1. In this structure, does residue 153 turn out to be in the same structural domain as residue 194 (by TED's automatic domain parsing), of a type outside the set (Asp, Glu), under 12 Å from residue 189 (Cα atoms) and within 17 Å of the chain's Cα centre (by Cα)?
2. Out of the range 111-154, which residues are touching a residue at least 24 places away in the same chain (Cβ under 8 Å) and basic (Lys, Arg)?
3. Please pick out the residue among 96, 78, 105, 31 that is under 30 Å from residue 342 (Cβ atoms), under 24 Å from the mean Cα position of the chain (by Cα) and not β-branched (Val, Ile, Thr).
4. Exactly one of these conditions fails for residue 381: (1) assigned to a loop (DSSP other than H, G, I, E, B); (2) crowded, with 24+ Cβ neighbours inside 10 Å. Give me its number.
5. Please determine, by comparing only the residues of the range 73-91 that are assigned to a strand (DSSP E or B) and in contact with a Leu (Cβ under 6 Å, 6 or more places away or on another chain), which one is nearest to residue 5 (Cα to Cα).
6. Return the residues of the range 31-79 that are of a type in the set (Val, Ile, Thr) and either surrounded by fewer than 18 Cβ atoms within 10 Å (Cβ to Cβ) or at pLDDT below 95 (or both); say none if nothing qualifies.
7. Working only within the range 214-265, note down all residues that are aromatic (Phe, Trp, Tyr) and surrounded by fewer than 17 Cβ atoms within 10 Å (Cβ to Cβ).
8. For the range 318-351, which residues satisfy the criterion of being touching a Ser or Thr at 6+ places or on another chain (Cβ under 6 Å), in contact (Cβ under 8 Å) with a residue 60 or more places away in the chain and not acidic (Asp, Glu)?
Amino acid sequence: MPGPRPLTVRIGSTAARDAAAAARALAEQIAQPDPAVTIVFASPDYDLAALGPALRAHLPAPVVGCTTAGEITPAGYARGTLAGVSLAGGDLEAFAIRHTPLATASRAAVEETLEVTRRALAAARQRHPGASAFGLLLIDGLSIMEEQVAALLATALDDLPLVGGSAGDDLRFGKTHVLADGSFVQDAAVLVLFVTTLPFTLFKTQHFTASDQRAVITRATPARRLVQEINGRPAADEYARLVGVPRDALGPAVFSSHPLMLRFGGEYYVRAIQRCHGDGTLTFFCAIEEGVVLRLARGVNLVENLATALAEARRAVPRPVVTLACDCILRRLEIAGNQLEADVAGLLAEHRVVGFNTYGEQFGSLHVNQTFTGIMLGERVG
C-alpha cells in the first residue's frame, strides 16, 4: 500500500485591489487539488461582500480566514493585500467549524457547537491512528469574547493545543470579520482543527519583562474592557505619567512601546491598551478588572527575541514547511517605528511564515496581547 502523498503547502499574496481580481490572483498561486484547508488573510480595504463569494468560486473548500490589521506574506509584512496558504496531503486532515453569534448565543447553541466539534475531532482521530491534533482559532476582534471562547474550547476539548488571533481592521476599530462558508461575517469565530502524524509545535513569544512600576486598576467597566482610573487618578493621565509622556501624545506608538503586564500562573503577560478616549479613559485589548495590579513593561530586543523563538520551534520541527502566525499589530507598529522591517522580514521568510497582524492572540486557554503566537508544521525527518 502506498503511503500518504507528501504534504504540499502553497503560499501566496496579491496587491490587486478589485475583489474578484484579487481572488483570481491568489488562487493562481495557492489553489491545489483536494486541500485539507485554505486559510486567507484579507485587508479590510476589500469589498468583503464581493470577496467572499469570489474566494469560494476560485478556491476549493474548505476556505476560512479573517480581516487583518496587516498581512504577513512571503515577502514579510504587507498592508492592503490578500494573502493565503493552502495545505494538502501529508497525512493531514483539517476541518472548520463556525459559530455565530457570539455575544447572544444561547447555552444550548454553544453546547451544540461544542458537541459537533468533539464528535468531528474524535472521528478524525479514528481515521488517523497515532495522530496528534491542534487548533487554529480566528475570531471577531471587536467581539470582546476571546477569553470566553478560548476558555470554553480548552474545557470542551481537554486543553487541545490551540493558537489563534483576533481579526483586525487596520486600527479603525469599526468592524472586523471572519471568513467561513464563502462569507465575511461579524460576531463570529471559526475554529480549524488539524489532525496529523506530521511534526508540529505551537509556540509564543513576547519581548517584554515586568518593571517595578505598578498600575493598579482602581475603576473599570470590565464588560467593555474600559478603564477609568489607574492608581486612583484618571486612567490616561496616570498612564501618561508612568511612561513619561504628555497625555496628548498617547496613541498606538506609545502603547506599543509601553504596555502593561499582568502576573498569572507565575508568568507575566502583556495587557495592551487599544486606544485613549477624549474623556481620559482607556480601552484595553484584553479583559481587565478592578483591583488588578499591573506593572509597566520594559522591552528587550524584539528581533533577537523572535529569532530565538523561531529557532526553538525549529528544534522541534527540523524541516518546517509553513509557520502560521498571529502577530499583534502593536508589535508591527514598534517594528516600523524602530525601522526593523527588513530584519524581521528575513526571519519570517526563512521560516515560511504566513498570517496576519491581530487585535489579540490566543494561546491555549489564554487571550494575550503584544505577542507572536505560531504553529510550525514540518515534514518528517528520516
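The values are calculated or read from the model by the stated rules, or taken from the named source; none is laboratory data. Worth saying up front: this structure is predicted, and the values here are computed from it rather than measured. Note that we place each Cβ from the backbone using ideal geometry, even for glycine, and neighbour counts take in every protein chain shown.
1. For residue 153, the condition - in the same structural domain as residue 194 (by TED's automatic domain parsing), of a type outside the set (Asp, Glu), under 12 Å from residue 189 (Cα atoms) and within 17 Å of the chain's Cα centre (by Cα) - is met.
2. Correct list: 118, 125, 127.
3. Answer to the check: 78.
4. All conditions are met except number (2).
5. Restricting to residues being assigned to a strand (DSSP E or B) and in contact with a Leu (Cβ under 6 Å, 6 or more places away or on another chain), the top hit is 84.
6. 73
7. The answer is 264, and nothing else.
8. Matches in the range 318-351: 326, 330, 333.
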